[in-house]
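Asks: I am attaching a structure below and will ask some questions about it afterwards.
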Amino acid sequence: MTAVDTEPLAWDPLNEKYKGDPHPIWKRLRDEAPLYYNEELDFYAVSRFADVDAFSRDPKTFCSSHGTVLEMIKADPIDMEMMIFMDPPEHTRYRRLVSKAFTPRRMKLLEEDIRTLCAALLDDLTGRSSFDYVQDFGARVPAYVIAALLGVPPEDRDTVRGWIDESFHLDPETGMSNDVSATAMFGFLEYLGATLADRQKNPRDDMFTDLVNMEIVEEDGEPRHLTLEQAVNFAALIGSAGTETVARMLGWAALTLDKNPEQRAELAADPGLIPNCVEEILRYEAPSPVQSRWCTADVELHGGTIPARSKVVMVTGSAGRDERAYPDADRFDIHRKFDHHLSFGYGIHFCLGAALARTEGRIALEETFKRFPEWSVDMDGAVPLYTSTVRGYTKLPINV
Ligand code: HEM
C-alpha cells in the first residue's frame with residue numbers, strides 16, 4: 001500500500017504531487033469515485049474508459065466552445081476561432097474544409113520526408129556513446145514535419161521550429177502564459193499571416209496554398225473557404241497540437257521500451273511489430289492525458305449528478321489503464337490486441353493528425369532500431385514535463 005492509497009481522495013490535473021506517477025491516483029478515481037467532484041476547483045472528472053468514451057461521443061452535452069483546458073474554461077464561450085474549441089455545426093463545416101488539406105498524396109510525400117529527416121538526425125548521433133532521445137531527436141522530428149507539412153521553405157524551418165519550441169516555454173510562476181511564449185507565438189503568427197497572404201497571390205504545391213484556396217460547397221449551395229485569419233489559426237493549431245504530443249510519445253517509447261528489454265529485442269528483430277507497439281505506447285502513457293469540456297445539461301452518472309454549466313475533465317490517461325476495458329491494463333504488451341484507445345480523443349474532435357502521428361511514431365522507431373537496437377535511459381538526467389495539455393519527458397538522456 002502506498003501513501004496515495006491511504007490519503008483522502010483528492011486530484012487535480014496540475015497538482016505537483018501526482019506529476020511523477022499519476023497512475024495510482026487515477027486507479028483510485030476509477031475504483032472509488034468514477035464520478036469525482038473537486039470542490040476547491042469546482043470541476044467534475046470521469047476516469048473510466050466507458051465514461052470518457054461516452055462523453056467524447058456526446059459533444060452536445062459536453063461541448064468544447066468554452067475551452068478544453070480546465071484553467072481556461074469559463075461560463076461564456078471563448079473567443080478563439082480554432083476547430084478544437086468549436087461545436088457543431090460550425091465545427092462540422094470547418095473540419096470538412098481543413099480535412100481537404102490532409103490529402104493521401106500529401107501524406108505520402110510527407111512520409112518520405114519523415115524518413116529522410118529521422119535518418120539524418122540519427123546518423124548525426126551515431127558514434128556517440130550517449131545523447132538525449134527527446135532533445136536531440138524526438139522533439140525535433142515533429143516540428144520539422146509540421147513545417148514540411150505546411151510548406152515552410154527549408155531555409156525558414158529552424159526559425160519556425162524555434163518559435164514552436166518557445167511557444168511552449170513554461171514559467172515557474174505563471175506556467176504557460178509568459179513573455180517568452182507570447183513573443184514566440186506572436187512571431188509565428190506574423191510569419192504565418194505573411195506566408196499565407198503571399199500564397200493567395202503566388203500559389204505553390206503546399207498546404208499553405210491549400211488552406212487559402214480550397215473551397216467547399218455547403219448544403220445551402222454556398223461556396224465557403226477559410227478567411228486568412230482562420231487559415232492562420234489552423235496553421236498555428238497544428239503547429240502546437242502536432243509537436244508537443246509527438247515529442248512526448250517518442251520519449252515514452254524510449255523509456256517504456258527500455259523498461260521492457262525483451263519486447264524491445266522483439267521489435268528490433270521484427271519491425272513489423274512496430275505499428276501495434278505505437279498503439280500500445282499511446283494507450284499505456286497517453287501523451288495528452290486530460291481533455292476538458294463544458295457540460296450543457298444535467299447528467300446522471302454513478303449515482304450522482306453533473307449539473308448543467310459545470311466543468312468536466314475526461315481523464316484520457318486513466319481510460320487507457322482501465323482494467324474494465326483492457327485485461328491486465330498495467331502490463332505493457334506490444335502484442336496486445338485491442339480495437340481502440342482514447343489517446344487521440346474520440347468522436348467529432350478525434351485527432352486530425354492521428355494518421356500522421358502514427359506514421360511519425362512508426363518511422364522514428366524503425367530508424368532508431370536500424371542504428372540503436374538497445375539503449376539505457378539515464379533517469380538521473382531525465383526531466384519530466386507535465387503541462388495543462390501534455391505529460392512526458394522534455395529531457396531523456398540515453399546511453400547507446
Ligand atoms: C501522438 C501524437 C498526438 C496525440 C496524442 C494527439 C492527441 C489529440 C487529442 C486527445 C485530441 C482531441 C482533443 C479534444 O477532444 O479536445 C486531438 C485533436 C487534434 N489534433 Fe492531435 N494528437 C497528436 C498528434 C497530432 C498531430 C501530428 C496533428 C497535426 C498534424 C494534430 C492535430 C490535431 C487537431 C487539429 C485536433 C483538433 C481536431 C478537432 O477539433 O476536430 N494532432 N489530438
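The values are calculated or read from the model by the stated rules, or taken from the named source; none is laboratory data. Everything numeric in this text was worked out from a predicted model, so none of it was measured. Note that we place each Cβ from the backbone using ideal geometry, even for glycine, and neighbour counts take in every protein chain shown.
Asks: What number of residues within segment 258-281 are of a type in the set (A, V, I, L, M, F, W, C) and within 16 Å of the ligand (Cβ to nearest atom)?
Replies: Going through segment 258-281 one residue at a time, the tally reaches 4.
Asks: While we're looking at this one, here's another question. Among the numbered conditions (1) charged (D, E, K, R); (2) at pLDDT 90 or above; (3) under 24 Å from T68 (Cβ atoms), tell me where D171 comes up short.
Replies: D171 satisfies every listed condition except (2).
Asks: Of everything in segment 87-107, what is outside any helix (DSSP H, G or I) and within 23 Å of D58 (Cβ to Cβ)? Give them in sequence order.
Replies: Once the filter is applied, which keeps residues that are outside any helix (DSSP H, G or I) and within 23 Å of D58 (Cβ to Cβ), segment 87-107 yields D87, P88, P89.
Asks: What are the residues in segment 1-59 that are part of a loop (DSSP other than H, G, I, E, B), at pLDDT 90 or above, more than 30 Å from P88 (Cβ to Cβ) and touching a helix residue (DSSP H, G or I) at 6+ places or on another chain (Cβ under 6 Å), if any?
Replies: Hit for segment 1-59 is W11, nothing else.
Asks: Still on this model: Scan segment 209-252 residue by residue and report those that are polar (S, T, N, Q), within 27 Å of the chain's Cα centre (by Cα) and away from the ligand (no atom under 14 Å from the Cβ).
Replies: T209, T227
Asks: Can I ask one more? So if I check each of T389, T316, T394, which one is of a type in the set (S, T, Y), buried (at least 20 other Cβ atoms within 10 Å of the Cβ), within 16 Å of the chain's Cα centre (by Cα) and more than 11 Å from the ligand (Cβ to nearest atom)?
Replies: Going through T389, T316, T394 in turn, just one is of a type in the set (S, T, Y), buried (at least 20 other Cβ atoms within 10 Å of the Cβ), within 16 Å of the chain's Cα centre (by Cα) and more than 11 Å from the ligand (Cβ to nearest atom): T394.
Asks: Mind checking whether some residue in segment 65-74 is basic (K, R), surrounded by fewer than 21 Cβ atoms within 10 Å (Cβ to Cβ) and assigned to a helix (DSSP H, G or I)?
Replies: Restricting attention to segment 65-74, the residues satisfying the condition of being basic (K, R) are 74.
Add one more test, that the residue is surrounded by fewer than 21 Cβ atoms within 10 Å (Cβ to Cβ), and what stays is 74.
Checking the rest, the ones that are also assigned to a helix (DSSP H, G or I) come to none.
No, the conditions are met nowhere in segment 65-74.
Asks: What's the number of the only condition in (1) surrounded by fewer than 17 Cβ atoms within 10 Å (Cβ to Cβ); (2) part of a loop (DSSP other than H, G, I, E, B) that D380 fails to meet?
Replies: Single failed check for D380: (2).
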